[in-house]
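Just so you know, all these numbers are worked out from the coordinates, no wet-lab data involved. This one's a predicted model, so the numbers in the text were calculated from it and none came from an experiment. Backbone-built Cβ (ideal geometry, glycine too); neighbour counts: all protein chains shown.
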């Protein structure tokens, strides 16, 4: 479509080729001032804050049985607690994170963190199931402050340091995700499940004070209205094949991840294991090894091994669930499965992020929002299936679904990748 001759030439110049390919209008294009110089203190703050905020979604995974017993929630519905948090996160990714392309970033992050603090306090004090689920939903929505910080770090970093900065911040975010489960299990033995969320609220309060001191302002120049801004997300999903495919690949992977890490603590608390929450915490520490997959995956992608790395990452999760078939009676098999699942999922996340961050830097918040929303919906599906499948089909049913999800992603990747190669050679 030719440019509108009535539009001023100055605005015509703002449109980048990437935005045109994405179907993105001119006001999506970033025209911010020169990036600020990120020092080690600010980079460390970004990493730590992202990890602490993202952890809010995972504290409940090893605690669902304790929460259910305390609130009278049926065993078959316990995993819905995790599902609600993930659905809330998906809502926040769609409705809040895109605002980072048009609203002053520091203020947006501080307001969202304040909402997170209120939601965590409400969860810790929830008197009944209705309040519990409402608070958990808003914890998920407001924890998306983490996904506002990642693009902000990328936008503030000088171009020649952007990869290293984003890698460091993502390592902090992944560490928060992976440490949340063992930390919650360990602390629950001493302060109960409510105390876990109360302590998380205290940590967020400290981070808010630090953010007031450390976070610089960033004023994006996008002027698009809120309704049109949110509507543009669907256009990006439709027009950006790489974004859509990467989101769907990781939706299947994250669904398997949520399935395993919601189900495994439940069976460990039962016979023949009979673990205490502290014992579950020690088991969950196995997953922390997954954080080492992020920098390795980033280096492989930089060297042109994205295709091979993606196949290896997805296949690793398939093999992990094959090993997990023996996990009902073998703790070694269960630990091995947990390590492999986290390694594969975290590696695939980094491969996907690297691909989508190359599409258009001017709309990075929205690209991030679409990608994260897509795969968090997969995670919500995985956690929603956990309790009913475990009660009806047992651990074997969990493993069969865990094999099927990444298996479908691998098949889709091979078909889509072959199609992309054929198009490129035509």
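Laid out as a table, the results:
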item	result
Gyration tensor (Cα) of the chain, equivalent ellipsoid semi-axes in angstrom	35, 26, 19
Ranked packing of 299-305, 244-250, most packed first, by mean Cβ within 10 Å	244-250, 299-305
Gain in span if fully extended, residue 217 to residue 190, counting 0.36 nm per residue against the direct Cα distance	5.7 nm
Reduced Cα scattering model of region 250-295, Debye log10 I(q)/I(0), q = 0.17, 0.21, 0.24, 0.34 Å⁻¹	-0.58, -0.79, -0.91, -1.14
P(r) of region 48-189 over all Cα-Cα pairs, binned every 10 Å from zero, in whole percent	12, 39, 32, 13, 3, 0
Paramagnetic label zone (point 7 Å from Cα along Cα-to-C-beta, residue 330; backbone N under 18 Å) in region 263-305	264, 268, 272-273
Net length gained if the chain between residue 414 and residue 69 were fully extended (0.36 nm per residue, minus Cα distance)	119.8 nm
Average Cα contact separation per residue, the chain, under 8 Å, 6 or more apart, as relative contact order %	25
Computed lengthening from residue 110 to residue 296, 0.36 nm per intervening residue step minus Cα-Cα distance	63.7 nm
Peptide ranges 260-273, 172-185 listed from the most packed, as the mean C-beta count within 10 angstrom indicates	172-185, 260-273
Hull shadow area, averaged, region 314-398 [alpha-carbon convex hull, nm²]	6.0
In range of the label at residue 393: residues from region 255-284 whose backbone nitrogen is under 19 Å from the point 7 Å along Cα→Cβ	255-267
Estimated inter-spin distance, residue 210 and residue 131, nm [label 7 Å along Cα→Cβ]	3.1
